[in-house]
Amino acid sequence: MAETRHTKVLIIGSGPAGYTAGIYASRAMLKPILVQGIEPGGQLTTTTEVENWPGHSEIQGPDLMVNMETHARATGTEIISDIITDLDLSKRPFSAIGDSGTIYTCDAVILATGARAKWLGLESEEAFKGFGVSACATCDGFFYRDQEIVVVGGGNTAVEEALFLTNFASKVTLVHRRDELRSERILADRLMKNPKIEPLWFHELAEVVGDDMPKGVTGVKVKHTKTGEITEIPCKGVFIAIGHAPANELVKDVLQTHMGGYVVTEPDSTATSIPGVFAAGDLTDHKYRQAVTSAGMGCMAALETERFLAENDE
């Protein structure tokens, strides 16, 4: 028979938003249960050096997430290794079903399921993730000072990443499968005027090339979309910038979303379109997508949850 667990607040997700929500909810004596999900620690577990987390001039992404988990546990958050497969928000108490078979009921929910970068699906791309292949210029651009970099994509994400990377790189090659950018015109104009950026039209990434000792990218092979001709471009970093997808599978049909599936929250709030359901981190954030902003939203969600439960205590 399936076990049923009840908690005042159920936190779904275990990145910076989820763990911070756990810390604040625990300090409010709400005794939260946090279900970690399919990727405990979130996107930071797939990064290496993190140099923009306040208080650490440099820390490994996985180490930072272990520290957050330890902190959340120490404050009293019950952390469970499970994956929520179904979530019923039609009535309170809300209920969720875990992959383990456990049923979780709760008076409030904090959604912190995050977002996932879209990838091309190449074996070589996967092999060099974290070793020269990245999907976050603001996270990793700093490591490519005076180096040549390749950016793949043609929308707002790609153009913004390419422009940002010119702060560090000696040259940025933008690889796009068409001959016209899909980005906003003002961004495209800025890109075309930047002397450090060279667009490569009608090309797509075919393979990431690199070394194993030490592991790192040395270049890419790109294929002409019309002729099929392969060209090799030397570079030290490859940024895949074809967008992000919010991990909204549990709520995409019940909560209000926008901008390609990001959960809508009220202005200056983490409250969603259903009272008692709060959302924090990259699940709602299509603009900043930073660990520190996600943590801030996790704090907001816990404080707002505490207020909601105090006002709706039955």
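None of the figures in this text is laboratory data; all of them are computed from the coordinates on show. Not measured: the values here are computed from a predicted model. Please note: Cβ atoms are built from the backbone with ideal geometry, for glycine as well, and neighbour counts cover all protein chains shown.
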- [ ] Could you list the GluC sites (Glu not before Pro) in the range 171-237 that lie in coil according to DSSP, counting only those with at most 13 other Cβ atoms within 10 Å of their Cβ?
- [x] Glu180, Glu184, Glu229
TODO: Specify the residue with the greatest mean-square fluctuation among Tyr19, Tyr144, Tyr288, computed from a Gaussian network of the chain linking alpha-carbon atoms under 10 Å apart.
DONE: Tyr288
Task: Pairwise FRET efficiency - Gln256 versus Glu78, Cβ, R0 = 25 Å, nearest 0.05 - done: 0.25
- [ ] Quick one: angle between helix 16-27 and the longest Cα principal axis of the chain, in degrees between 0 and 90, rounded to 10, please.
- [x] 20
Task: On Cα atoms only, tilt of 156-165 relative to the major axis of the chain in degrees - done: 70
Task: Set Lys8/Lys118; Lys118/Lys287; Lys91/Lys252; Lys236/Lys287; Lys31/Lys118; Lys252/Lys287 screened for pairs whose C-alpha atoms are more than 24 Å apart - done: Lys8/Lys118; Lys236/Lys287; Lys31/Lys118
Open item on the list: How much length would be gained if the chain were fully extended between Phe202 and Met29, taking 0.36 nm per residue of separation minus their Cα-Cα distance, in nm to one decimal?
Closed with: 56.5 nm
TODO: Mind scanning Lys171/Lys193; Lys193/Lys221; Lys171/Lys221; Lys129/Lys215; Lys196/Lys226 and naming the pairs with a C-alpha gap bigger than 19 Å?
DONE: Lys193/Lys221; Lys196/Lys226
Task: Residues with amide H under 5 Å from that of Leu34, placed H, sequence gap 5 or more - done: Ile11, Glu78, Ile79, Ile80
- [ ] Please go through the range 52-108 and write out the GluC sites (Glu not before Pro) that DSSP classes as loop and that have at most 12 other C-beta atoms within 10 Å.
- [x] Glu58
Task: 0 to 90° range, to nearest 10: angle between helix 61-75 axis and the chain longest Cα axis - done: 10
Open item on the list: Amide H of Ala206 versus every other amide H placed in the peptide plane: which residues, excluding those fewer than 5 positions away on the same chain, fall under 5 Å?
Closed with: Lys221, Val222, Lys223
- [ ] Would you kindly state how much longer the chain becomes between Arg178 and Asp212 on full extension, computed as 0.36 nm times their sequence separation minus their alpha carbon distance, in nm to one decimal?
- [x] 9.0 nm
Task: Segment Ala2-Asp189, length gained on full extension (0.36 nm per residue, minus Cα span) - done: 61.5 nm
TODO: Sticking with the crude label model, points 7 Å out along Cα→Cβ, report the distance from Ser269 to Lys118 in nm, one decimal please.
DONE: 3.1
Task: Sorted by Cβ neighbour density within 10 Å, fewest at the top, the residues Met297, Met68, Met259, Met29 - done: Met29, Met259, Met68, Met297
Open item on the list: Taking loop as defined by DSSP and a crowding limit of 14 other beta carbons within 10 Å, which trypsin sites (Lys or Arg not before Pro) in the range 219-274 fit?
Closed with: Lys226, Lys252
